[in-house]
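A.B. asks: Structure below; questions to follow.
The values are calculated or read from the model by the stated rules, or taken from the named source; none is laboratory data. None of the values given here were measured: they were computed from a predicted structure. Because the Cβ atoms are built from the backbone with ideal geometry, glycine has one as well, and the counts that use them run over all protein chains shown.
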Amino acid sequence: MRYELKTQFRNGTTHVIFEPLDFIARLAALVPKSRVNLTRFHGVFAPNSKHRGLVTPAGRGKGSRKARDKAHSDDKTEAERHAVMTWAQRLKRVFNIDIEICEKCEGPVRIIACIEDPVVIRQILEHLRKKQSIDPQAQPPPEKAPPQIGLLDDA
């Protein structure tokens, strides 16, 4: 493999030739380890500094007002403070799809189950189709998302 250098070396070298395995090994050495911060801060900007909340624009850190208020707040349990977002909250945040509010009455919706098994989903849809054949007013939910016209035009 021949690699052209961005700027030539002092001795005039403009290209470097590698064996494929050697080239991959050199590239792999440049990839940082996972979950390792590439920027390290020291002094008041260090993550554990008690003055970080006072000097950072976002006010985050051990010395921030939020951190002090959380340490003294008893309104939430430990589990509630460390709870992750539900998938419904993630849908709302990422795709602006709010499934926690009813489309018809705009009242709150309570999620009672999350069904992921394809066999069970098929059984439910078949039951709804049978129900629709008996009662034409009953509408089953759509099986898949409607086509996105904007994406089809770009293709």
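A.B. asks: Would you call Phe41 surrounded by 10 or more Cβ atoms within 10 Å (Cβ to Cβ), modelled with pLDDT under 90, not assigned by TED's automatic domain parsing to the domain that holds Gly61 and not in a strand (DSSP E or B)?
C.D. replies: Considered against the rule, which asks whether it is surrounded by 10 or more Cβ atoms within 10 Å (Cβ to Cβ), modelled with pLDDT under 90, not assigned by TED's automatic domain parsing to the domain that holds Gly61 and not in a strand (DSSP E or B), Phe41 comes out as yes.
A.B. asks: Here is a further query. Scan region 95-124 residue by residue and report those that are outside any loop (DSSP other than H, G, I, E, B) and not aromatic (Phe, Trp, Tyr).
C.D. replies: Ile101, Pro108, Pro118, Val119, Val120, Ile121, Arg122, Gln123, Ile124
A.B. asks: Separate question: I'd like the full set of residues that are hydrophobic (A, V, I, L, M, F, W, C), at pLDDT below 80, in a helix (DSSP H, G or I) and loosely packed, with under 10 Cβ neighbours inside 10 Å, limited to region 72-94.
C.D. replies: Ala79
A.B. asks: Taking region 97-120, which residues are under 21 Å from Thr86 (Cα atoms) and of a type in the set (Val, Ile, Thr)?
C.D. replies: The answer is Ile97, Ile99, Ile101, Val109, Ile111, Ile112, Ile115.
A.B. asks: Can you tell me which of (1) modelled with pLDDT of 80 or more; (2) touching a Gly at 6+ places or on another chain (Cβ under 9 Å); (3) of a type outside the set (Asp, Glu) is the one Gly12 doesn't meet?
C.D. replies: Answer for Gly12: the failing condition is (2).
A.B. asks: Another one. Name the pairs whose Cβ atoms lie under 9 Å apart, with the first residue in region 114-141 and at pLDDT 80 or above, the second assigned to a helix (DSSP H, G or I) and of a type outside the set (Gly, Ala, Ser), and 6 or more positions between them or separate chains?
C.D. replies: Filtered contacts from region 114-141: Cys114/Trp87; Ile115/Ile121; Ile115/Ile124.
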